[in-house]
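Engineer: Provided herewith is a single structure, encoded as structure tokens, for subsequent inquiry.
The values are calculated or read from the model by the stated rules, or taken from the named source; none is laboratory data. Note that the structure is predicted; figures quoted are calculated from it, not measured. Glycine gets a Cβ as well: all are built from the backbone with ideal geometry, and neighbour counts include every protein chain shown. To get the accessible areas, we keep the full protein, side chains included, count just its heavy atoms, and leave off ligands, DNA and RNA. Shrake-Rupley method; radii C 1.70, N 1.55, O 1.52, S 1.80 Å.
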Amino acid sequence: MLKENIVYCLKRQLFCVYSFVSILFSFLVLLVFILSIVYQHIKRKMDVKLPFPPCFDGKKEDCRNFINTLGMVFKAAPSMYSNDSIKIITASSLLRGAAQEWFNPHWEHQDKNNSILFNYSDFVDALQKRFGDPHKKETAIHRLEKLVQGNLSVPEFASQFQQITLDIDWNDSALCYQYRSKLNSKVLDLLMHF
């Protein structure tokens, strides 16, 4: 009988320890869950909320700004735009006109092989291929050919020149020649005296 009482007591103590461990484990799971929610909340508070670009209607001259502004919005709030699907849905919700007409068939026929619905880089590449400037370098060269200082101040002219030449892969001597050739004669005269 004594042996049975000891076994019974041991079983009861083991059951109590098991119950305690089980409750402790449940508590730890709940604590981890609460901490993850708090962490996500804090992380979202740290995100910077930038304004969206204007809706994109498919105009070639607006494509680059649309894509770059969205990229900045997504980068400023990484916890809000944490995966490609959210980025694609956000970007596609800003499409209008020809751009929306281009995207609609992709959305309507959601196919696992259609990577523009699942991979943001593929979405951007497809959008640029369809609506972007396929001749970015040639367009920049054409803009540079038309650029003259005119009534612009030297800093204003230099800023425009630099912005255009970012898309041209010319060497420094070619760029310097172009820069000087487009300056006002008054500015060139002043440069000659230095």
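Engineer: For Ala91, work out the one condition from (1) under 11 Å from the mean Cα position of the chain (by Cα); (2) open to solvent by 70 Å² or more (accessible area, probe 1.4 Å); (3) at pLDDT 95 or above it doesn't fulfil.
Structural biologist: Unmet for Ala91, out of (1) under 11 Å from the mean Cα position of the chain (by Cα); (2) open to solvent by 70 Å² or more (accessible area, probe 1.4 Å); (3) at pLDDT 95 or above: (2).
Engineer: Right, here's the next one. Looking at this structure, is Lys136 exposed (fewer than 12 other Cβ atoms within 10 Å of the Cβ), within 16 Å of Cys63 (Cβ to Cβ), under 22 Å from the mean Cα position of the chain (by Cα) and not aliphatic (A, V, I, L, M)?
Structural biologist: Working: exposed (fewer than 12 other Cβ atoms within 10 Å of the Cβ): no; within 16 Å of Cys63 (Cβ to Cβ): yes; under 22 Å from the mean Cα position of the chain (by Cα): yes; not aliphatic (A, V, I, L, M): yes.
Against the criterion (exposed (fewer than 12 other Cβ atoms within 10 Å of the Cβ), within 16 Å of Cys63 (Cβ to Cβ), under 22 Å from the mean Cα position of the chain (by Cα) and not aliphatic (A, V, I, L, M)), Lys136 does not qualify.
Engineer: Further, regarding this structure: Suppose we filter segment 67-84 for residues that are out of contact with any helix residue (DSSP H, G or I) (no Cβ under 6 Å at 6 or more places or on another chain) and either open to solvent by less than 70 Å² (accessible area, probe 1.4 Å) or assigned to a loop (DSSP other than H, G, I, E, B) (or both); how many remain?
Structural biologist: 9
Engineer: While we're on this one: Criterion first (of a type outside the set (S, T, N, Q) and under 29 Å from Lys75 (Cβ atoms)) does Leu94 satisfy it?
Structural biologist: When the stated conditions are applied, Leu94 passes them.
Engineer: Out of segment 157-190, which residues are within 19 Å of Lys137 (Cβ to Cβ) and open to solvent by less than 70 Å² (accessible area, probe 1.4 Å)?
Structural biologist: Selection gives Phe161, Ile164, Thr165, Asp167, Ile168, Ala174, Leu175, Gln178, Tyr179, Lys182.
Engineer: Taking the residues in segment 10-60 that are hydroxyl-bearing (Ser, Thr, Tyr) and either open to solvent by 100 Å² or more (accessible area, probe 1.4 Å) or under 21 Å from the mean Cα position of the chain (by Cα) (or both) as candidates, determine which candidate is modelled with the highest pLDDT.
Structural biologist: Tyr18
Engineer: Can you tell me which of Leu127, Leu147 is among the hydrophobic types (A, V, I, L, M, F, W, C), over 18 Å from Tyr179 (Cα atoms) and crowded, with 16+ Cβ neighbours inside 10 Å?
Structural biologist: Leu127
Engineer: Just checking, how many residues over segment 108-126 are in a helix (DSSP H, G or I) and modelled with pLDDT of 90 or more? Show your work before the answer.
Structural biologist: The first filter runs over segment 108-126 and keeps only residues in a helix (DSSP H, G or I), leaving 108, 115-117, 120-126.
Those still in the list that are modelled with pLDDT of 90 or more too: 116-117, 120-126.
Within segment 108-126, residues that are in a helix (DSSP H, G or I) and modelled with pLDDT of 90 or more number 9.
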